[in-house]
Amino acid sequence: MDAKIREAILRQVEREPFAQKFGMKLIGLDDGYSKVEMNFTEDMENIFGMAHGGTVFAVIDEAFETASNSHGTVAVALNMNITYVSTPSKGCKLTAEAKELSLTNKTASYDIKVFDDGERLIASCQALVYRTGKPLPFL
């Protein structure tokens, strides 16, 4: 992966208000690949005291965002299909890993999985981006 792109994305995630709000950390980044961690905290629970679906979606979307923009051009989400498999335990660490499955000039598809710190599958996602061809504005 181009070092300039890697550093720019790492810097942007550190500054991103949404990532900061959820305490997300980008721990792995390569061409078409990303790994993001986030702690599941009490303020992320739903009305049943379980992880809100938006909590799990948030870490998926961060991994998707960083993996799909890792080629140095702006990519925007077209579609995301998420299957919630199990509920994470309170206080656990959630890890989302996005892997690129296909890449064309205009689209790219990704497989994204979320695991808890016990390596239990929490959610699985198939996602598609539109690649604009425009360089990342923060490069």
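Quick rundown of the values:
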| read-out | value |
| --- | --- |
| Segment 36-139, accessible area per residue, ligands and nucleic acids excluded (1.4 Å, Å²) | 49 |
| Convex hull projection area averaged over all views, the chain, Cα basis, nm² | 7.8 |
| Hydrodynamic radius by Kirkwood, which averages 1/r over all alpha carbon pairs of segment 1-81, in angstrom | 13.4 |
| Accessible area of segment 12-139 belonging to carbon and sulfur atoms, whole % at 1.4 Å probe | 53 |
| Set of segment 58-88 residues, backbone N closer than 19 Å to the point 7 Å along the Cα-Cβ line of LEU136 | 59-78 |
| Cross-link partners of LYS93 among lysines (Cα-Cα below 24 Å; sequence separation of 8 or more within a chain) | LYS21, LYS25, LYS35, LYS113 |
| Cβ-based charge dipole, segment 1-121, positive-most Cα from PHE48, ILE5, THR95 | ILE5 |
| Segment THR87-ASP43, length gained on full extension (0.36 nm per residue, minus Cα span) | 14.3 nm |
| Additional length obtainable on full extension of the chain from ILE27 to ASN79, 0.36 nm per residue less Cα span | 16.3 nm |
| Cβ charges +1 (Lys, Arg) and -1 (Asp, Glu), total dipole of the chain, debye | 360 |
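The values are calculated or read from the model by the stated rules, or taken from the named source; none is laboratory data. Values in this document were obtained by computation on a predicted structure and should not be read as measured data. Here Cβ is always computed from backbone atoms with ideal geometry, including for glycine, and neighbour counts include all displayed protein chains. For accessibility, only protein heavy atoms count, side chains too; no ligands or nucleic acids. Shrake-Rupley method; radii C 1.70, N 1.55, O 1.52, S 1.80 Å.
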